[in-house]
Amino acid sequence: MNKAITDGLVFTPSEFADGLDVWSSQDGTVGQDTYAGAANAAFVPADQDFGGCLELQKTTATQKLRYMGQTQMLAGCYLRITARVKAVSGNLATVRIAGWAGTASDAHVGGLVEVGPSVTLTTYGEVITVSAIVGAGVRGGVDMQWGSAPAYGHFGLDLTGPTGGVVRIDDIQIEDITSAFLRDMMDWVDVKDYGAIGDGVANDQPAFEAADAAANGRRVLISSGTYYLADHVTFENPVRFEGTVVMPVDKRLVLSKNFDLPTYINAFGDETLALKKALQTLLNYSDHDSLDMGGRRVELTGPIDVHAAVANRDTFEVRRVLRNGQINVVAGPNWDTDVVSSAGTYAINNPKTLTAVANVANIQVGSLVTGGGVGREVYVRSKNVGAATVTLSQPLYDAVGTQSYTFKRFKYVLDFSGFTKMSRFILDDVEIQCGGEASAVMIPPDGKLFQMRDCYIVKPKDRAITSIGIGCQDIHIDRNQFISNEQLMRAQDRTTIVFNVNKNDAKVRDNQSHRFGHFGVLAGAGSILAGNHWYQGDLEPDGLRTAGVIFTGTNLKSIINGNYIDNSYIELTNEHDADPNLGVGYTFGGLTVTGNIFTVNDSADWFNWFVVKPYGTGHSLQGLNITGNTFRSINGSITRVERVDTTFADLDYWSFRNIVIDGNTFNAVVEQFQNPVTVDHTQASNAQNWAVSFSPYLPFKAYARRVSAVIADGKITSGTSTGLYTMPYTTRNTGANFDQVRLTWSTACKGKVRVTARIDNPI
């Protein structure tokens, strides 16, 4: 910056040859004495050193020379006043630059330093240069620090020391030297000033570190160029990238004051690489718990293997967050599913392992396993090439022996499967646009508290969230929207799944899912599904409907509360059980379904909202609470809410225990269920044995196993119309379908009774 150039300002005083009437012997203000006609001053037109100059005799203790013109003082501008002086005769004087500070109203600004360093003349005829710098700022090298009060100055010099000496003074110069202070005045330092080359070959790491050390709170500028960094680099100061950097895969760039994705994109010049390097730093740096994508959209042409990007960690269990951005999948072959078929051997006593697996080296960790006796959402958790074994995420229900399996490896936008264990990673307010090309997120095989909240997963090709091991322990899936890529397909033709869980304590809350094959497949126990809306309808009249939520364990300890269960059903299975016949252990139960909205439209009348599908014999229901729900069929009615799918086996209805089904509302449901069930029975003719039917109200068309109440509704009369005041005894489980209770009276009678029965033993 130079105001003489940029603004056309003139700082240098007029030459002595133009007259001494503008040169004051006092402070330089209007009306003071000048050197014009003074006895001790004269203009010398031809000095051998100076050309034209002023010859001045020192007659006072401090002989002043001030230019009477007003030299402007500008904020941020620094001036250097320079004078060349030589002694001619007499006593040798001391010389210094001096000035007078004035306000815009021509008042003197007191309390300021108005003189520069002093130089004593020691030899006659020797030219000595004296100078001083004046400016507003308190900076090194500024001799007269005037602040912002002065509007102008009268500048010149002082002669001090003994009187009587004669000196000659060349024309005084005043110049703008603000540029000398730019390094300190500007809010940045440039890495090139510290030796950076920027040719993409030379190692610029030392220069980067030196610039950061010198910045001292200012911004570090990475000016245009390509900078190779051979090792880790950490910036403790803010940084701005005009150029880009390249560095080895395993080396980190830490931007402690700019830890956000837009800065990393500027640094690396490639969105995908920038996201990888930012994630690498996020999982290696303790000063930030989150990576802000800054609302940026990243175009992704292939999966991000997060473990490979981090490069130096197999485990990580400290909270980290990726937030506030969008990832858009660009179509290409990198997203193609890899498919391998291979034979393997399965045994019940090793329920999560396939042995003697042919071609095991080509089977990828994270592959979906399909084949005879394989339940839904079984994945390859790990493999051992030397031992030819594959470890599975879940047991197989009917696969003993050797058979061929198919292993499908879907491609995920964010793939964490390479970690051995990872906990507490959070995706927050991230939109993943899969475009029907890719799946969204594969979580680590082990860990806890993976969270996805306030995210949008749009059109995943196969899966939105996949767990291949137990990294889903205590997973939180909250307030997300999942939009299927199979919107126009019939419900039964869809294959996409929002999420699966292999371990316990899943929290799935306030999500919306639209037209997937399934919303969730949950193994384990302790799950809470609350406030969600999953919709799986289609446009086909009398169409089929698929399961929205599938529980593959038995003793669930789970709650389904306050959800909108739309054109889909809840299914209980034990398909992840190597020996699905009930032996020692728990059977189906431990589930509370309360306060939900169940709806279906344009469905076949045999649709059911609640299906139990045992994969082995001997199972029953123990601990089931279905209360306070609303069931509604639109554009046609359905027959029943619930059923047992007997494809593999039926339930043991004699072992039902602790079933509560009450307080539900039914609309366009022909056969309504309840437990306990209370029916009114009218016996029109005298009979000693009354058959009271509880069909079709008994849940799952189970048996009338217990009678908890028999109440006469009005007078019970015998054949002579005489009142009968004795109670009957009851016989349960009568009738062809065991759905009747027989009342046996002491004599033939008629009348009306209200009878309550249960399908279960309540304790």
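A short reminder: the numbers here are calculations on the coordinates, not readings from a lab. Note that the structure is predicted; figures quoted are calculated from it, not measured. A quick note on method: Cβ atoms are made from the backbone with ideal geometry, for glycine too, and the neighbour counts reach across all protein chains shown.
Taking amide H positions as placed 1.01 Å from N in the peptide plane, with prolines and chain starts having none, which residues 5 or more places from S290, or on another chain, fall under 5 Å of its amide H?
Amide H to amide H, under 5 Å and 5 or more residues apart or across chains, S290 pairs with V321.
Rounded to two decimals, what is Rg over Rh for the chain when you use alpha-carbon atoms and the Kirkwood radius?
Rg/Rh: 1.34.
Write out the GluC sites (Glu not before Pro) in the stretch 279-385 meeting two conditions: DSSP loop, and at most 15 other Cβ atoms within 10 Å of their Cβ.
E317
Could you pull out every one of the lysines with an alpha carbon less than 28 Å from that of K715, ignoring same-chain neighbours closer than 8 positions?
K750, K752
If the viscosity is 1.567 mPa s and the temperature 4 °C, what translational diffusion coefficient in µm²/s does Stokes-Einstein give for the stretch 677-758 when Rh comes from Kirkwood over Cα pairs?
Translational D for this selection: 102 µm²/s.
Given R₀ = 30 Å, what would the calculated FRET efficiency be for S223 paired with A75, taking r from the Cβ atoms and rounding to 0.05?
Efficiency at R0 = 30 Å is approximately 0.65.
Set the Förster radius R0 to 41 Å, insert the Cβ-Cβ distance between T665 and R319 as r into 1/(1 + (r/R0)^6), and round the FRET efficiency to 0.05.
The pair T665/R319 has a calculated efficiency of 0.45.
For the stretch 580-713, count the residues as N, evaluate 2.2 N^0.38 Å, and divide the Cα radius of gyration by that value, please.
Scaled against compact globular proteins, the figure is 1.17.
So between Q145 and N284, what do we pick up on full extension, going 0.36 nm a residue minus the alpha carbon distance?
Extra length available between Q145 and N284 comes to 45.4 nm.
Scan around R252 for amide H atoms under 5 Å from its own, H built in the peptide plane at 1.01 Å from N, and keep only partners 5 or more places away or cross-chain.
Result for R252 returns H232, V233.
Looking at the stretch 338-409 from every direction and averaging, what is the projected area of its Cα convex hull in nm²?
3.8 nm²
Could you tell me the convex hull volume per residue, in Å³, taken over the Cα atoms of the stretch 484-671?
Hull volume over Cα atoms, normalised by residue count, gives 106 Å³.
Apply the Karplus curve 6.51 cos²θ - 1.76 cosθ + 1.60, θ = phi - 60°, to the phi angles in the stretch 107-117 and return the couplings in whole Hz, x for Gly and Pro.
Karplus values, whole Hz, x for Gly and Pro: 8, 6, 9, x, x, 9, 6, 10, 9, x, x.
How long is the stretch 184-322 along each principal axis, judged by its Cα atoms, biggest number first, in Å?
Taking the Cα atoms of the stretch 184-322, the three principal extents are 42, 28, 27 Å.
What does the convex hull of the Cα atoms of the stretch 1-133 come to per residue, in Å³, rounded to a whole number?
Cα convex hull per residue, to the nearest whole number: 138 Å³.
Rule-of-thumb check for the stretch 282-391: C-alpha Rg over 2.2 N^0.38 Å?
It is 1.41.
So what's the back-of-envelope 222 nm ellipticity for the chain, counting only DSSP H runs of four-plus at -39500 (n - 2.57) apiece and dividing by all residues, rounded to 500?
So the calculated ellipticity at 222 nm is -1500 deg cm²/dmol.
Could you work out how far helix 271-282 tilts from the main Cα principal axis of the chain, as a 0 to 90 degree angle to the nearest 10?
Here the helix axis deviates by roughly 90 degrees.
Can you give me the Rg/Rh ratio for the stretch 75-183, using Cα atoms for both radii and the Kirkwood formula for Rh?
Computed over Cα atoms, the ratio is 1.02.
Less than 12 Å Cβ to Cβ from Q26, Lys/Arg counted +1 and Asp/Glu -1: what total charge do the surrounding residues give?
Computed value for this residue: -1.
Where in the stretch 102-192 are there trypsin sites (Lys or Arg not before Pro) that are in a DSSP coil and have at most 16 other Cβ atoms within 10 angstrom of their Cβ?
Here the trypsin sites (Lys or Arg not before Pro) that fit, given the DSSP loop and packing criteria, are R139.
Give me the net charge of D305's neighbourhood, meaning all other residues with Cβ under 11 Å from the Cβ of D305; Lys, Arg count +1, Asp, Glu -1.
Result for the local shell: +1.
Using the Cα centre of the chain as the reference point, and only Cβ charges (+1 on K/R, -1 on D/E), how large is the resulting charge dipole? Debye, rounded to the nearest 20.
3920 debye
Roughly how many debye, to the nearest 20, is the charge dipole of the stretch 148-277 about its Cα centre, given +1 on each Lys and Arg Cβ, -1 on each Asp and Glu Cβ, and no other charges?
I would put it at about 380 debye.
For the chain, which longest stretch is free of loop sites, where a loop site is one of the chymotrypsin sites (Phe, Trp or Tyr not before Pro) that DSSP puts outside H, G, I, E and B and that has at most 14 other Cβ atoms within 10 Å?
No qualifying site falls inside 1-605, the longest such stretch.
Determine the relative contact order of the chain: mean sequence separation of Cα pairs under 8 Å and six or more apart, normalised by residue count, in whole percent.
Computed value for the chain: 6 percent relative contact order.
I need the phi-derived Karplus couplings for the stretch 303-319: 6.51 cos²θ - 1.76 cosθ + 1.60, θ = phi - 60°, integer Hz, Gly and Pro marked x.
Going residue by residue, I get x, 9, 7, 5, 4, 5, 5, 5, 6, 10, 9, 9, 10, 7, 9, 10, 4 Hz, with x marking Gly and Pro.
What relative contact order, as a whole-number percentage, does the stretch 168-233 give when Cα pairs under 8 Å and 6 or more residues apart are counted?
Relative contact order comes out at 36 percent.
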